[in-house]
Amino acid sequence: MTAVTIPGLDKAPTNHAGLLSWVREVAELTCPDEVVWADGTDAEWTRLTGKLVDAGTFVPLKKKQNSFWAASDPTDVARVEERTFICSLDEADSGPTNNWMDPAEMKAIMTGLYRGSMRGRTMYVIPFCMGPLDADEPMLGVEITDSEYVVVSMHIMTRMGDKALAKFGEDAKYVKALHSIGAPLEDGQADVPWPCNDTKYITQFPEERMIWSFGSGYGGNALLGKKCYSLRIASVMARDEGWLAEHMLILKLTSPEAKVYYIAAAFPSACGKTNLAMLEPTIPGWKVETLGDDIAWMRFGEDGRLYAVNPENGFFGVAPGTDYHTNPNAMRTIAKGNSLFTNVALTDDGDVWWEGMGEPPAHLTSWKKQDWTPDSGELSSHPNSRYCTPIDQCDIKAPEWDDPKGVPISAIFFGGRRATTIPLVTESRDWQHGVFMGATLSSETTAAATGKVGVVRRDPMAMLPFIGYNAGDYFKHWIEVGKNADATKLPKIFYVNWFRRGEDKRFLWPGFGENSRVLKWAIERIEGKAAAVETPIGHVPTAEALDLSGLDAATADIETSLEVDVEEWKAEIPLIEEWFTKIGDKLPTSLRDEFEALKQRLS
Ligand code: SAT
Ligand code: MN
């Protein structure tokens, strides 16, 4: 058989035999015009952003240096959960919360889709590393993609290019991540600004540590280092190796006495993780610094404590609602430039705008690329529009954010968006009870995924769309992590809800910077200093136990936000029952025990 010649295929900057043969195999299948190895240099950024401007995908922003505006195809705007598959060898390892298909069957379908899918385009090979490059065992991956938008986004979101490739020893293990937008160009066919395909698949092959994505160019569907690798595949690695890969922000909290605490917090997509990660405390003397806003990998250190690392290198934050009041640190970070904005509105003077920024300008170009005025009667920006910006230029990044050792976690917060039932904050009785809280976490759906917004669904550990294996086994893993650890060194687990509403539907808790008051209470609980009431659902503060000094909110509202309403909780019981029934046989008995104990305490 004669090898096909594709320009660039022989220009590989590595001798890694496995990688070379995989790249050749993919190129021969997808038939690109050319193969380019991404090097991660500024020159590459300039070349590719220029190419994207020429293609009409990017508009350079006059008001933000080295930054670009993009509008996606209106059908390609969020993660596609119903098209996301965990193709484990055994269906039982995928479990009740994931879509499953036999891996051989899926490979046959997707191989058909990939055949010739890069025709007329460039195939980029992106070596990347999730987490610090100088880790003992750097967590490597290679994404093959036919999207320049993906390459430049990976420049921000990951450590990539030559510096990652340098970590590929002869038998280095890495995650294979194949991505095609699925929009081949025939000779002479004109391109569109956001090529994609109506048929979409986001597939994980957990045993092979492999990802195949087809048809979408947006967010977590296409930036495969993010949810696909760092959560779905990494959660399987973590199960096998005794650690945790979680959908959590990491923040550093310093008290007025200069004591340092690290907190990890899990919330579903678009529930304010980035805002909490960059919070500006309203209580004097407290300081927050950021280590990550979306994903935490937590491993036990030699001292028996749980240490967290953020695998990412950038923030991919929800734009609408972000402004100098809600998240000044995010605004300052993007103001420095070097950022990408997708599906927000473009101002006439070459800046970005979105809902939540205050008074709208008289005229904008909407994310649909239409003229927009305040009277248009529709949103200028898609609710899941995003900014993509480097962590390194965030003023309040903790200096240790890139430390391969990670940071020791004192508290884990689980949170959801619930109008009723769930108090502002509840401390779990112990680790197992905390796992029960996480396993039964619920939230109203948001725009981060396609589908109906505002429906309450169970979202265990905020990981529902991201658990790479059976959810029952995932709960068992969480329980075992606690059993194998020194209980005195484990983080304490809290359940928060910033989104509880009063009878007239207004929010009871002001949120944002005021959430520092809840962080302070949690830390004081850890220090054994703050009071709490033992309730059927866990330890809840009274309004007096929270530091409310200088808070401009009605005490009655705060009290209502803290209420444990037994009737509301009794209504929650059948919902938890339904959820546990769905989990089925693999539900750990310890969680069933926790549930029975909760019912007892409520009766
Ligand atoms: O599109 S992403 O999955 O990267 C963002 C999110 O849903 O949190
Ligand atoms: Mn997320």
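The values are calculated or read from the model by the stated rules, or taken from the named source; none is laboratory data. Everything numeric in this text was worked out from a predicted model, so none of it was measured. Neighbour counts run over all protein chains shown; Cβ positions are idealised from the backbone, glycine included.
What's the number of the condition LEU9 fails, among (1) loosely packed, with under 13 Cβ neighbours inside 10 Å; (2) farther than 30 Å from SER380 by Cβ?
Just one mismatch for LEU9, condition (1).
State which residue is farthest from ligand 2 (Cβ to nearest atom) when the search covers only segment 399-419 and only residues that are surrounded by 24 or more Cβ atoms within 10 Å (Cβ to Cβ) and among the hydrophobic types (A, V, I, L, M, F, W, C).
Result: VAL407.
Looking at LYS586, LYS520 in this structure, which one is at pLDDT 95 or above, basic (Lys, Arg), surrounded by 13 or more Cβ atoms within 10 Å (Cβ to Cβ) and within 30 Å of SER94 (Cβ to Cβ)?
Details: LYS520 fails: within 30 Å of SER94 (Cβ to Cβ).
Answer to the check: LYS586.
So in segment 265-277, with the set limited to residues that are touching an Asp or Glu at 6+ places or on another chain (Cβ under 7 Å) and hydrophobic (A, V, I, L, M, F, W, C), which one is nearest to ASP473 (Cα to Cα)?
Per the stated criteria, the residue is ALA266.
Which helices (runs of 4 or more DSSP H) does segment 78-176 wholly contain that include 1 or more residues that are surrounded by 18 or more Cβ atoms within 10 Å (Cβ to Cβ) and touching a Lys or Arg at 6+ places or on another chain (Cβ under 6 Å)? First the steps, then the outcome.
Values: elements: 103-114, 148-157, 162-165.
Where helices (runs of 4 or more DSSP H) fall fully within segment 78-176 and carry at least 1 residues being surrounded by 18 or more Cβ atoms within 10 Å (Cβ to Cβ) and touching a Lys or Arg at 6+ places or on another chain (Cβ under 6 Å), they are 148-157.
Specify which of the listed residues (ILE211, ILE202, ILE250) is within 26 Å of THR389 (Cα to Cα), among the aliphatic types (A, V, I, L, M) and away from ligand 1 (no atom under 14 Å from the Cβ).
On the way: ILE211 fails: away from ligand 1 (no atom under 14 Å from the Cβ); ILE202 fails: away from ligand 1 (no atom under 14 Å from the Cβ).
That would be ILE250, the only listed residue that is within 26 Å of THR389 (Cα to Cα), among the aliphatic types (A, V, I, L, M) and away from ligand 1 (no atom under 14 Å from the Cβ).
Check segment 419-429 and report whether any residue there is of a type in the set (Asp, Glu), at negative phi and either out of contact with any strand residue (DSSP E or B) (no Cβ under 9 Å at 6 or more places or on another chain) or modelled with pLDDT under 95 (or both). Quick ask: steps written out before the conclusion?
Going through segment 419-429, the residues of a type in the set (Asp, Glu) turn out to be 427.
Subsequent filtering for residues that are at negative phi retains 427.
This time we only want the ones that are either out of contact with any strand residue (DSSP E or B) (no Cβ under 9 Å at 6 or more places or on another chain) or modelled with pLDDT under 95 (or both), so: none.
No, the conditions are met nowhere in segment 419-429.
Which number in (1) of a type in the set (D, E, K, R); (2) outside any helix (DSSP H, G or I); (3) away from ligand 2 (no atom under 16 Å from the Cβ); (4) surrounded by 22 or more Cβ atoms within 10 Å (Cβ to Cβ) marks the one condition that ASP294 misses?
Going through (1) of a type in the set (D, E, K, R); (2) outside any helix (DSSP H, G or I); (3) away from ligand 2 (no atom under 16 Å from the Cβ); (4) surrounded by 22 or more Cβ atoms within 10 Å (Cβ to Cβ) one by one, ASP294 breaks only (3).
Six or more apart or on different chains, Cβ atoms under 8 Å: show the pairs whose first residue is in segment 256-279 and under 20 Å from ASP547 (Cβ atoms) and whose second is of a type in the set (D, E, K, R) and within 13 Å of ligand 1 (Cβ to nearest atom).
Filtered contacts from segment 256-279: ALA265/LYS273.
Looking at segment 305-319, which of the residues that are in a strand (DSSP E or B) and touching a Lys or Arg at 6+ places or on another chain (Cβ under 7 Å) is nearest to ligand 1 (Cβ to nearest atom)? Please lay out each step first, then the result.
Narrowing segment 305-319 to residues in a strand (DSSP E or B): 306-309, 314-318.
From the residues that got through so far, the ones that are touching a Lys or Arg at 6+ places or on another chain (Cβ under 7 Å) too are 307, 316-318.
Details: TYR307: 23, PHE316: 5, GLY317: 9, VAL318: 8 Å.
Checking each candidate, the answer is PHE316.
Which number in (1) crowded, with 19+ Cβ neighbours inside 10 Å; (2) more than 16 Å from ligand 1 (Cβ to nearest atom) marks the one condition that PRO284 misses?
Status for PRO284: all satisfied but (1).
Could you say whether any residue in segment 368-379 is within 23 Å of the chain's Cα centre (by Cα) and of a type outside the set (Asp, Glu)? Lay out the reasoning, then the answer.
Taking segment 368-379 first, the residues within 23 Å of the chain's Cα centre (by Cα) are none.
No, that holds for no residue.
Could you please tell me which pairs satisfy a Cβ distance under 6 Å, a separation of 6+ or placement on different chains, a first residue in segment 316-333 that is on the phi < 0 side of the Ramachandran plot, and a second residue that is among the β-branched types (Val, Ile, Thr)?
Between residues of segment 316-333 that are on the phi < 0 side of the Ramachandran plot and residues that are among the β-branched types (Val, Ile, Thr), the close pairs are GLY317/THR274; ALA319/VAL344; ASN329/ILE396; ALA330/THR322; THR333/THR389.
Within segment 251-267, can you find the residues that are in a strand (DSSP E or B) and away from ligand 2 (no atom under 13 Å from the Cβ)?
Step one: list which residues in segment 251-267 are in a strand (DSSP E or B), which gives 251-254, 260-266.
LEU251, LYS252, LEU253, THR254, VAL260, TYR261, TYR262, ILE263, ALA264 - these are the residues of segment 251-267 that are in a strand (DSSP E or B) and away from ligand 2 (no atom under 13 Å from the Cβ).
For a quick check of your reading of the model, give me the residue pairs whose first member lies in segment 69-96 and is under 21 Å from PRO383 (Cα atoms) and within 16 Å of ligand 1 (Cβ to nearest atom), whose second is among the β-branched types (Val, Ile, Thr) and assigned to a loop (DSSP other than H, G, I, E, B), with beta-carbon atoms closer than 8 Å and at least 6 apart or on different chains.
From residues that are under 21 Å from PRO383 (Cα atoms) and within 16 Å of ligand 1 (Cβ to nearest atom), the pairs are ALA70/THR57; ASP73/VAL192; VAL77/THR450; ALA78/THR450; ARG79/THR450; VAL80/THR450; GLU81/THR450; GLU82/THR450.
Among the residues of segment 435-470, which ones are at pLDDT 95 or above, away from ligand 1 (no atom under 16 Å from the Cβ) and part of a loop (DSSP other than H, G, I, E, B)?
Result: THR440, TYR469, ASN470.
Restricting to segment 330-343, name every residue that is buried (at least 22 other Cβ atoms within 10 Å of the Cβ) and either more than 16 Å from ligand 1 (Cβ to nearest atom) or among the β-branched types (Val, Ile, Thr) (or both).
So the first thing to find is which residues in segment 330-343 are buried (at least 22 other Cβ atoms within 10 Å of the Cβ), and the list is 330, 333-334, 339-343.
Matches in segment 330-343: THR333, ILE334, THR342.
Being part of a strand (DSSP E or B), within 25 Å of ALA447 (Cα to Cα) and within 14 Å of ligand 2 (Cβ to nearest atom) narrows it down to one residue among ALA270, ALA245, ALA234; which is it? Give the derivation first.
On the way: ALA270 fails: part of a strand (DSSP E or B); ALA234 fails: part of a strand (DSSP E or B).
From the options ALA270, ALA245, ALA234, the qualifying one is ALA245.
Just checking, which of THR450, THR440, THR420, THR426 is over 26 Å from ARG592 (Cβ atoms) and touching a residue at least 12 places away in the same chain (Cβ under 8 Å)?
Values: THR440 fails: over 26 Å from ARG592 (Cβ atoms); THR420 fails: over 26 Å from ARG592 (Cβ atoms); THR426 fails: over 26 Å from ARG592 (Cβ atoms).
Just a single option satisfies the conditions, and that option is THR450.
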